[in-house]
Amino acid sequence: TEKMDLSVPYKFLHDRVQQAAYSLIAEEQKPATHLKIGRLLKQSTPAELVDERIFDIVNQLNFGISLLTESTEKDELIRLNLQAGQKAKASTAYGAAIRYLAAGLELLPADGWQTDYELTLALYELANEVAYLNGDFERQGQLAEIILNRAQSLLDKVKTHEVQIRTCWAQGLKREALDRTLPILEQLGVKFPEQINQTDIERYLQDTQLTWREKPINSLGDLPPMTNKTYQAAMRLLSLLTGPVYEVAPELFVPLICEGVQISTQHGNCPESAFSYACYGVIQAGMDHIETGYQFGQLAYKILEKSNTGEYEAKVADAVMGYTNSWKISFKDTLKPLQKAYQAGLEFGDFEYVGNCSLQYCVKSYHSGQELYALETEMAGYIEMLQKLKQETTTDYNQIFRQSVLNLLGKAKNPSYLIGTVYNEEEKLPIYQQRNDIFALYLLYSQKIFLTYLFQDYPQIINYVTLVDPYLEPNASFALTPSIYLCDSLARLALYPRCAKAEQQAHLDKVQANQVKMQNWAKHAPMNYQHKFDLVEAERHHVLGDYVNAMDFYDRAIAGAKENEFLHEEAIANEVAARFYLSWNKDKIAQIYLVEAYYAYARWGAKAKVEDLEARYPELLAPILASETPRDSAKKTTTGTTFMPTYKGTVAITRSTRTDFLDLATVMKSSLTISEEIVFEQLLQKLMRIVLENAGAQRCVLILERQGQFWVEAEAHIDGEYQITLQTLPLEKAGEKLIVPLAIINTVVRTQAPLVLNDATRENSLVKDSYILEKQPKSVLALPISYHGRLTGVLYLEHALVSNAFTFDRLTVLKLLSTQIAISLENAQTLATLDAKVTERTAQLNTKVDELTKTRHELIQSEKMASLGRLVAGFAHELNTPIGVAVGTASTLRRKTTQVQQLLKQEEVDEEELVGALEKIDEAAELTLSNLRRAAGLVNSFKRTAVDQTSGDIRKFKVKTTLEDVITALNSQFRQTMIKIQLDCSDDLAIYSIPGTLEQVLTNLMMNSLVHGFEGGKQSGQIMVTCRLEGDRFLMTYADDGKGVAPEHLEKIFEPFFTTHRAHGGSGLGMYICYNLITNQLNGTMTCESTLGRGVLFKVEFPVTSSL
C-alpha cells in the first residue's frame, strides 16, 4: 500500500484538560519533553512556514536549552530566537521580544564576537532597541556599552548611537543626546562650527538654496536613491538629532537641516530625506517663504510615499501637518493626518514623535475651537499613553494644554494661572529656564498670554509677550504664533485709551508690525487668519475713532470665525464688539453681541469664561440669567399686553414677568441634532419634534417659501405622543382648510418680525378670523425663518389651553434655533435639488463616458493597427530583398541546369566546362538557400511580432531578440537616413512580461525620433536603447540626440491628442498609448526629459518576475 503523508491536527477539549495532562509529566522530564516537541515541530515544518510557526517552535526549544550540547544546534536556536524577537518587535510585543533575545544572548558562546560577528551584533542591536522600546533604559545602557566596545567599525555602531539618542530624548536629556552625537557625525564627515553665529546660518541657507534653486522643488523627489552607507548613517543621526537641537541648541537647527538637504540633493534620496525636506519647509515657512515651505512639505510626503514604509510618517507629519501646512490649509484638515501619523509612530516605535504628533493634534484641536469637555478627555488619553511609553518631555508639554483646558472648564482657582491638578507653572518654569528649553517656554507663555487675554489682564499680557519674544523666532512656524500676535495686538489696543500719546504711538506701531505678518498669513490661509486680521483692524479703527469701518470689521471677523468654525474666536470677536458698542453707549446693540459671545463660550465649554461674563455684565445678561423656578415665579405672573403688528410695520412684544430657566445645553443639543440631518423629509420630522419640545406648544406648522409661493410642508401636534404629518399644500388652501390663521401668517411674512399673542381669542383684530373663531387657540407664536436676510419660511405655534405659554425665554430659544433651522432647511433643499440634478447629470455623463470609452478604444486599436502596419511595411520591404535574390539565383540555377543537360547529351563532354557549370549551380544553390533562410527568419520574426502586438499574454521572452525584431522591421524607414541605432542589452536577459507592449512602445519611440527628432530623417544623429534588470524591475532608457522637445510641450507629451504635427497626419495618441500601456498594463512608470536642441530621454520601468 502506498504511504500517505497525513497531517492531523489535535486539540485539547479544555484548557483544564491540557493542564491536567501537563501536570502528569515529572518536573525533571519537562525540559526533555519540550525539547523533543520543539525538534519534532521544527523538523515537520516546511522552510517557508517556519516564520509563521516561529513562536511555537522557539517556545518549546527554549524550555530545553539546558539539555543542548551540540554547538550547531545551539547556533540554530540563537538564529531562531533572533527571528522570533524580530517578529515580536514588529508586533509591538516588546516583553516577548525581550525573552526571546535574552535566550539568544544566553546561548551565545563566549567568543561569539570573534566566531560569528554578524549574528552576535544583530542579536545585541535588537536587544538594545527592544530594551528602549520597553522603557528599560538601564538595560539599554548596559547593552549599548557592550556593543560600542565590541563593534568593529563606526558604521556598526551607528544603530546603537541612534537608540542612545532616543533614550536620552525620552528621559529629557536633550543636551546629552546632542553632546553624544556631534562627535559621531564628525567622524561620518558632517562637522559644524563650534560657535554658530548668524553669518554661519545665512551661509548654510545660501549654500543649500544653490543645490536646488535651478530645479522645480517637486523634481527633487525623482533623484536617484542614496547608495553611500556613510551618508545614509549620517542622515539617520541628523534626523534623530533634530528634536533635541530644536529645543536646546536652536542655533544649530538650521545648519543641521541644511546638511540633510545638501546630502540628499547631492548624493540621492533616502527615507530620512523626507524628514530633512519637511524640516527645511518649516524653516522656509518661518522666514515667511510660505509657498516654498509648503512645496517642500509636499516633497517630503512624496519621498515618504516612495519609501513605502511608515517609519518616518510621524516625523514628517509633525513637521508638515504641525508646522508648514498651518500656513496653507485649515487647522481641521491637519487633524486626521496627525492621528494617522500618531498610530504609525506607535507601530514603528517612534515614540518621540508619537508624543509630538499628539501634542500637535491637541494644540490644533484646542486652538481651532473644539468642544473643551471632549477635548480634555482626548488629551487625558494621549497623556496616559505617553506616560506608559515613558516620554517625559512630550508628556510635560501636553500637560500645559490640558491644564489650560481644565482652567477654562472651571477646574482651577485662578483661570489665568496654570496651576491645577495636572500642571504647576511655578514648579515647571524654573526647570525650563535652567535647561534653556525654549520650546517649553514658548508653549507655556503662549497659553498664559491666551488665558490672560480672555480674562482681560492687559498689562500682564504685554509683560508675557516681552518674556516670550526671545522664543518667538525659533518657533515662528508653530501654530500658536499667530495667536500670540493676535492677543498682543488686542491687548495693546485695549490699553490705548489709557496711555500717554507717546505710549499710544508705540502700541500702534507694534500693532501695525503684527498686522503686516497677520495679513501675509491671511493671504496664504484666509480660513485660519483672515478673521484674526479683521478683528484687530476693527479695534484699530475703534481707537482711532473710525466707527463706521470698525463696525464693518467686527462683523467680518465674527462671520469669518463662524464660517471657518473657530468657535472660541467667534466668541472673542462678539465680546470685543460688545465692548465697542458699550463704549459708544449703544447698550442694546452691545447686549446682542454679548449674548452671542455668551452662547459661543458656552458651546465651547468655557465655564470659567461664561462665569466671568456673568460677573462683568449682569445687567446685559439678565434676560438669560434669570433662574426662578416656575413655582416661585408663578406668584408674580401678570398678564402682559401684546400688540399685533400694524400695517405700518411697527411691532411690540411684551414679555410676561414670569421667566423660564433657559437650558443652554438643551438648546445646543437641539441645534446640533438639526444641523446633523441633511435629508429633507427626515429633517422635517426631527425639526418639528424639537420645536415642540423647546417651545412648550401643543401644535406646530412649518410654512416654507418656494419660487415666490408659500407652502405648508409639515404639521405636528402632541396628543399623548408626537403626531407629525408631512404634506405640500399651498398656503391659501391651508387657510381654507383651517390649518393656519392666514391673517397672522401674512402679517409675519410682510413684516418679517416675530409675533406673540398671550391670548389670541381676546385680540380685537382677530375676532372675525375663521381659524381663531373655529379653533379658539390661547397662546400663539409666529416666527419668521430667514436665510442671509431672505425670508424662507414661518413657524406657527399655538397652545389651545394655556395663556402666556410663549415667554420671552422660549422665544429666545426658538430664535436661537431658527438660525440653524434656516441653514439646515436651505442645505437640505439644496441637496435634494442637487441630488435630482446629479442623478440626471450622472445618467448623461455615463452615456457620454460609454461613448468616449468606445471611441477611445477604437482610436487606440486604430493606433495599434497603424503601429503594426508600419512593422508589416518594414518587414515586407526587408523580405523583398532576400526573395528577390533567391528568385534571381533560381533563374541562374535553371539556366545552368539546362546547360549541363545539353552538355551531357553530347558524345564528348568538355570536362572543364561541365565542372564550371556545376560550380555555378552549387554557388547559386547556396545563395538561394541562404536568402531563403534569411527570408524564413524574417517571416518568423514577423510572426512573433504580429502575435505579440495582438496579444496581451504574459510569457517569457528574450528582450534583445524582441527589440531587434522591431529594429529590423523599421530598418527600411531608417536605411536612407544618417541615423545610427544602437542597442545595449545582454543576450541572455529574459523576463516574464508582455512582449507586444514593449515592441509597440519601442516602435512609437523610434518613429517619434524619426519624424520629430530628426525631421523625417533630414538630420543625422543617433538613437541609443539600453536595457537592464535591477532586482525585480526592468529598466529601459531610450535616448536620441535630435532637436528635443520645447518646455511648453514637454508637460503635455503624454496627453491624448497632443501633437505638433497634426497638419501632417499626426493623431497625438502615440505617446499617450505608450504611457498607458506602461503605467496601466505593466504597472510601471514612464518619464520624459528633454532640453531643446539636445535631444530627448525616455525612462521606462516596470516590475517583472523571473518565473511564473
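The values are calculated or read from the model by the stated rules, or taken from the named source; none is laboratory data. Just so you know, these numbers come straight off a predicted model, no measurement behind them. Cβ atoms come from the backbone with ideal geometry, glycine included; neighbour counts cover every protein chain shown.
General observations
- Condition met for Tyr323 (surrounded by 22 or more Cβ atoms within 10 Å (Cβ to Cβ), over 29 Å from Pro183 (Cα atoms) and in the same structural domain as Thr393 (by TED's automatic domain parsing)): yes
- The one condition in (1) closer than 29 Å to Ile954 by Cα; (2) acidic (Asp, Glu); (3) not in a loop (DSSP other than H, G, I, E, B) that Glu1089 fails to fulfil: (1)
- Any pair with Cβ under 6 angstrom, 6 or more apart, that starts in region 590-608 at a residue that is on the phi > 0 side of the Ramachandran plot and ends at one that is assigned to a helix (DSSP H, G or I): Gly605/Leu372; Gly605/Tyr373
- Listed by first and then second residue, the pairs with beta-carbon distance under 8 Å, at least 6 apart or on different chains, first residue in region 967-981 and in contact (Cβ under 8 Å) with a residue 40 or more places away in the chain and not assigned by TED's automatic domain parsing to the domain that holds Leu1005, second of a type in the set (Gly, Ala, Ser) and surrounded by fewer than 19 Cβ atoms within 10 Å (Cβ to Cβ), form an empty list.
- Condition met for Pro474 (modelled with pLDDT under 95, surrounded by fewer than 22 Cβ atoms within 10 Å (Cβ to Cβ), in contact with a helix residue (DSSP H, G or I) (Cβ under 9 Å, 6 or more places away or on another chain) and in a helix (DSSP H, G or I)): no
- Here is the figure for region 768-786: residues that are crowded, with 19+ Cβ neighbours inside 10 Å and not small (Gly, Ala, Ser) total 9.
- Within region 102-113, the presence of at least one residue that is without any contact (Cβ under 8 Å) to a residue 40 or more places away in the chain, assigned to a helix (DSSP H, G or I), closer than 20 Å to Val158 by Cα and not small (Gly, Ala, Ser) is confirmed.
- Test result for Ile263, buried (at least 22 other Cβ atoms within 10 Å of the Cβ) and in the same structural domain as Ala278 (by TED's automatic domain parsing): yes
- Under the condition of being in a helix (DSSP H, G or I), hydroxyl-bearing (Ser, Thr, Tyr) and over 13 Å from the mean Cα position of the chain (by Cα), the residues counted in region 279-316 number 4.
- Residues in region 258-278 that are of a type outside the set (S, T, N, Q), in a helix (DSSP H, G or I) and either touching a Ser or Thr at 6+ places or on another chain (Cβ under 6 Å) or farther than 19 Å from Ala314 by Cα (or both): Cys258, Glu259, Gly260, Val261, Ile263, His267, Pro271, Glu272, Phe275.
- Test: residue in region 171-186 that is in contact (Cβ under 8 Å) with a residue 40 or more places away in the chain, in a loop (DSSP other than H, G, I, E, B), outside the structural domain of Asn269 (by TED's automatic domain parsing) and surrounded by 13 or more Cβ atoms within 10 Å (Cβ to Cβ): yes
- Matching option when the condition is touching a helix residue (DSSP H, G or I) at 6+ places or on another chain (Cβ under 7 Å) and either more than 30 Å from Thr394 (Cα to Cα) or among the charged types (D, E, K, R) (or both), among Glu247, Glu186: Glu247
- Residue count for region 674-713 satisfying the condition of being of a type in the set (Gly, Ala, Ser), surrounded by 20 or more Cβ atoms within 10 Å (Cβ to Cβ) and assigned to a helix (DSSP H, G or I): 1.
- Considering residues of region 884-902 that are among the hydrophobic types (A, V, I, L, M, F, W, C) and at pLDDT 70 or above only, the residue nearest to Leu932 (Cα to Cα): Ala890
- Taken as a whole, the condition of being touching an Asp or Glu at 6+ places or on another chain (Cβ under 8 Å), in a helix (DSSP H, G or I) and surrounded by 17 or more Cβ atoms within 10 Å (Cβ to Cβ) does not apply to Ile78.
- Scan region 989-1026 for residues that are assigned to a strand (DSSP E or B) and surrounded by fewer than 21 Cβ atoms within 10 Å (Cβ to Cβ) and the total you get is 6.
- For the criterion of being part of a loop (DSSP other than H, G, I, E, B), at pLDDT below 90, closer than 30 Å to Ala440 by Cα and not assigned by TED's automatic domain parsing to the domain that holds Thr92, Gly135 fails.
Results for (1) of a type outside the set (Ser, Thr, Tyr); (2) without any contact (Cβ under 8 Å) to a residue 12 or more places away in the chain, shown as yes or no for each residue.
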| residue | (1), (2) |
| --- | --- |
| Cys487 | yes, no |
| Ala502 | yes, yes |
| Asp509 | yes, yes |
| Val516 | yes, yes |
| Gln519 | yes, no |
| Ala525 | yes, no |
| Tyr529 | no, no |
| Glu537 | yes, no |
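- Positions within region 1027-1061 being under 20 Å from Lys958 (Cβ atoms), assigned to a loop (DSSP other than H, G, I, E, B) and in contact (Cβ under 8 Å) with a residue 40 or more places away in the chain, in sequence order: Asp1032
- Of all residue pairs spaced 6 or more apart or on separate chains, those with beta-carbon atoms under 8 Å, a first member in region 115-130 that is closer than 9 Å to Leu143 by Cβ and at pLDDT 90 or above and a second member that is assigned to a helix (DSSP H, G or I) and among the polar types (S, T, N, Q) are Glu125/Thr160; Asn128/Gln140; Asn128/Thr160.
- The set of residues in region 400-450 being of a type in the set (D, E, K, R) and in a loop (DSSP other than H, G, I, E, B) consists of Lys411, Lys413, Arg435, Asp437.
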